[in-house]
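The values are calculated or read from the model by the stated rules, or taken from the named source; none is laboratory data. All of these numbers come straight from a predicted model, not from anything done at the bench. Backbone-built Cβ (ideal geometry, glycine too); neighbour counts: all protein chains shown. The protein model used for the area step is the full one, side chains on, heavy atoms only, and it has no ligands, DNA or RNA in it. Shrake-Rupley method; radii C 1.70, N 1.55, O 1.52, S 1.80 Å.
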Amino acid sequence: MTDLESPKNGKHLAHVHHNNNEITESEPLTWRFWRKQRYIVVLLAFFGFFNVYSLRVNLSVAIVAMTENRTVLDGDGNVSYEQDFPWDSKQKGLILSSFFYGYILTQFLGGYIGTKIGGNIVFGTGIGSTAILTLVTPLAAKHSLEMFLAVRIIEGFFEGVTFPGIHAVWARWSPPLERSRMASIAFAGNYAGTVVAMPCSGFLATKYGWESVFYVFGSIGVAWYIIWLIFVKAGPELDRFCSKEECDYIQKTIGYVGSKNIKHPWKSIFTSMAFYAIMASHFSENWGFYTLLTQLPSFLRDTLNFDLGKTGILSAVPYLAMGILLAVSGYLADWLQVKGIWTTTQVRRNFNCGAFLAQTVFMMLTAYLLDPTWSVVSLTIAVGLGAFAWSGFAVNHLDIAPQHASVLMGIGNTFATIPGIVSPLLTGYVVTNQTSDEWRIIFFISAGIYLIGCVIYWFYCSGELQEWAKTPEQKAQEAEEKAQLQLTQTTGFVNTAAELKD
């Protein structure tokens, strides 16, 4: 029996259409989240993304220690300087971007496989394999630059399946009116991982040597992988910890439980403007995010003259703000929909574009100020407000085509990974002398890309299930409901006419 077959139901449920507002649980969701198995999945996904980003960003801090000039005093009192690795700015840019060469290759593959064998297996194995490779990174770096690059590329290859994989999990586990908060809480793990990894990497590198950075975070990732495999299944019907009532509630609100035989309408996908709007936003958010993720420690040290210890701590502050605001934005997005204040489309558009406009402004402020205090404040606000964008485009795939969401995320994240490759390389070529004017160019580019993404998403986004994403069962159900409505209206007209006649 594969991970997509159901021992509780014996077979897959038919796709059915329900009014999600009319379906409730006898025990509603409260702060005691552990009583709902779907939120145990969310919690473990949070720690999974914690590992995704701690394994990714530790190099951004470690590379500062790996390449810094250390003062050496010999027995005769002569002073000299030495580096573990004498890499120049272009080589460092290549190292920091190498991860994304592998990462970009497996996005679509991760989404496609996730629909076949279960998103839980794809998500977990991607992170577990990256953690194991992180443990051998110090050996690879000491062997040669080429070996170091190869290990980072392979790490990216395995980690590339994580975002599409988790969308396959959400497609089976997340009720529509809880999507924003469930996905946002899990995605907050990205920034929790960044917040912890950056200062801890600085501390570990200073206290125990740069090698310890990779050993510590690699070990944490392996431990998480074992726990994930034990406790998380592809869908609620496969999970022995999920009650029958919760399983039924999830499946009825979603309207389907997935199928091994899902056929993806490729032509409709690649001609959907709603999908292209998501891709444009994802690209824009990732450009600013990856620029700061890989370059912020160097910017703080070289331009604002912070030492390595402070660099790790200050680099983490913007991501702390984003992690906190992600939980807020996810809850607020769901609340606005539940209360009927905004439609799903309005929530996605307003959250996403409002965040992008704010990020444009504060990136430009950073470029003009270049002051130790105000630059950190501006960057913190710019990154923090990005949380609202994640409650826009990042869960939008589940709105427009839930059963194809992992594939859409795979395709979109392939395109959105380009900034991870191009941005560090561009920074390496532009910022050669570490001057304020050079860094100003980098921040202006990021601001401009945010603005372009904002405009495209505003005009073309949608929060509605697309016609091409509806199953035959859903279309038949809609036709039946439409016929019933027309019959009701016709009956009403006849009754009215009879009353008038009387």
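Side notes on the structure shown:
- Which of M322, L385, F275, positive extreme of dipole for the chain (C-beta unit charges): F275
- Atom-type composition of the exposed protein surface of the chain places 64 percent of the accessible area on carbon and sulfur (1.4 angstrom probe).
- In terms of packing, defined here as the mean over residues of other Cβ atoms within 10 angstrom, the peptides 474-485, 425-436 line up highest first as 425-436, 474-485.
- Taking the Cα centre of segment 32-259 as reference, the dipole from Cβ charges on Lys and Arg (+1) and Asp and Glu (-1) amounts to some 1060 debye.
- Peptide packing for 348-357, 403-412 was compared via the average number of neighbouring C-beta atoms within 10 Å per residue; ordered from the highest value, the list is 403-412, 348-357.
- Summing Cβ point charges (Lys, Arg +1; Asp, Glu -1) relative to the Cα centre of the chain gives a dipole of roughly 680 debye.
- Solvent exposure ordering (accessible area, 1.4 Å, most first) of Y215, Y457, Y368: Y368, Y215, Y457
- The slack in the chain from L43 to E82, taken as 0.36 nm per residue of separation less the alpha-carbon distance, amounts to 9.6 nm.
- Extension reserve of the T271-L485 stretch, reckoned as 0.36 nm per residue once the Cα distance is removed: 73.8 nm
- Accessible area (Å², per residue) of the chain, counting only protein heavy atoms and a probe of 1.4 Å: 41
- In this simple spin-label model, placing a label point 7 Å from the Cα along the Cα-to-Cβ direction at both N305 and T343 gives a separation of 5.6 nm.
- Two-site FRET efficiency, I230 against R35, from Cβ-Cβ distance with R₀ of 25 Å, rounded to 0.05: 0.80
- Percent RCO, i.e. relative contact order, over the chain, from Cα pairs under 8 Å lying at least 6 residues apart: 24
- Local electrostatic count at D334 - Lys and Arg +1, Asp and Glu -1, tallied over other residues with Cβ under 15 Å: +4
- Under a model in which nothing but the beta-carbon of Lys, Arg (+1) and Asp, Glu (-1) is charged, segment 271-465 shows a dipole of about 200 debye around its Cα centre.
- Residue pairs, from the table K116/K233; K92/K207; K233/K263; K116/K252; K263/K339; K116/K470, whose Cα atoms sit over 25 Å apart: K263/K339
- With 10 Å bins from 0: P(r) over the chain, alpha-carbon pairs, percent: 4, 19, 29, 24, 13, 6, 3, 1, 1, 0, 0, 0
- Exposure rank, largest accessible area first [W458, W170; 1.4 Å]: W458, W170
- The listed residues D84, D399 rank as D84, D399 when sorted by accessible area, largest first, using a 1.4 Å probe.
- Charge-dipole axis of the chain as Lys and Arg at +1 and Asp and Glu at -1 on Cβ define it, positive-most pick from F99, A394, W287: A394
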